[in-house]
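The values are calculated or read from the model by the stated rules, or taken from the named source; none is laboratory data. Just so it is clear, the structure is predicted and the values come from calculations on it, not from any experiment. Note that each Cβ is placed from the backbone with ideal geometry, even for glycine, and that neighbours are counted across all protein chains shown.
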Amino acid sequence: MNKSSLFILLLLASSAFAANAQRKLAFERNDNWLWVSNLDGTGARKIVSGVDPSISPDGMKLAFNTEGSGPGRRIAVADLATGNVTVFKDVPSDNCFGPVWSPDGAKLLFYILINHDWDIGLVNANGSNFRILKKAAPNNHSYFSACWMPDAHSLFCQDLENLYRIGLDGEVLKQWSLRTLFPKGDMNSSSRMDVSPDGSTLLVEIDADENPGREDWDGPPPEIWTMDLATDKTARATSIFWWEPCWLTANEFLCIGQGAREKQPSIYRVSIDGKTRKLLVKNAMNPSVSR
């Protein structure tokens, strides 16, 4: 290898390392405070009181919902440079949660309670131009687990019975039975999904239909599956007690895990084949990473 080729390789490696180092990680602790750190968990700083953190693709803003589980729960955005917080007061409901940034950072998806059902709302990043993207279907079929395709032209969601891919006009582009995709598990209203950067694979949090084997665990144990969006083939990516997945690279994702003797979950960096797991942040949950 000549000196010129070696220089180019070193430059590319240095650029990749710098880009990785600049990415930010947002997370929540059980005292309802939201934090932002470097991707490796270092440099963590407390940002604001709230839940459901979602960091913008550029790592400059943090969307979340204000505390509480009933009236008065609203979507808000914190500017990480100035500390200013904007609460979206013009959205026509006082019970909203779970914001998710669009890939270009221009819009936010979230869940909004209207007429006793959860619809999917869409709003600009500054709180303007709110609209209902997907209204709950009849018979209490609310929608949850929304996540964007990388091109921001469609998204995935589920209603506890079916998985949907929908367009920005709310029309269903494709539909799958959850029981068919995941015959030994199901999803709940808090289950999380995320699409890979290349749009090929869906990470899905599933409640496993098996005994958790832990006396202090209430309900079915969670695990993470993958779904190939070209073939609809699903595969188990983790064992039980791993959940809240979000993609990190084409071959890695973040999630939380909790050991048998641990009182709280922690955030891990996990390879898609499940062979490598690295602890990033102890006693933390709801990971969100910038691009």
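Considering the range 92-103, and only residues there that are in a strand (DSSP E or B) and more than 15 Å from the chain's Cα centre (by Cα), the residue that is nearest to Pro53 (Cα to Cα) turns out to be Cys96. Here the condition is being in contact (Cβ under 8 Å) with a residue 12 or more places away in the chain, in contact with a strand residue (DSSP E or B) (Cβ under 7 Å, 6 or more places away or on another chain), over 28 Å from Pro57 (Cβ atoms) and of a type in the set (A, V, I, L, M); of Leu173, Leu178, Leu155, Leu163, it holds for Leu178 alone. Any residue that is farther than 27 Å from Leu160 by Cβ, touching a Lys or Arg at 6+ places or on another chain (Cβ under 8 Å) and modelled with pLDDT of 95 or more - is there at least one of those in the range 231-248? Yes, the range 231-248 has at least one match. For the range 104-158, the strands (runs of 3 or more DSSP E) that sit wholly inside it and include 3 or more residues that are buried (at least 17 other Cβ atoms within 10 Å of the Cβ) and at pLDDT 95 or above are 107-114, 117-124, 144-148, 154-158. For the range 216-265, the strands (runs of 3 or more DSSP E) that sit wholly inside it and include 1 or more residues that are surrounded by fewer than 12 Cβ atoms within 10 Å (Cβ to Cβ) are 234-236. Residue check: Leu80 meets all listed conditions (1) under 18 Å from Pro287 (Cα atoms); (2) aliphatic (A, V, I, L, M); (3) modelled with pLDDT under 95 but one, namely (3).
Taking the criterion of being buried (at least 18 other Cβ atoms within 10 Å of the Cβ) and within 26 Å of Phe27 (Cα to Cα), would at least one residue in the range 168-181 satisfy it? No, there is no match, as no residue in the range 168-181 is buried (at least 18 other Cβ atoms within 10 Å of the Cβ) and within 26 Å of Phe27 (Cα to Cα).
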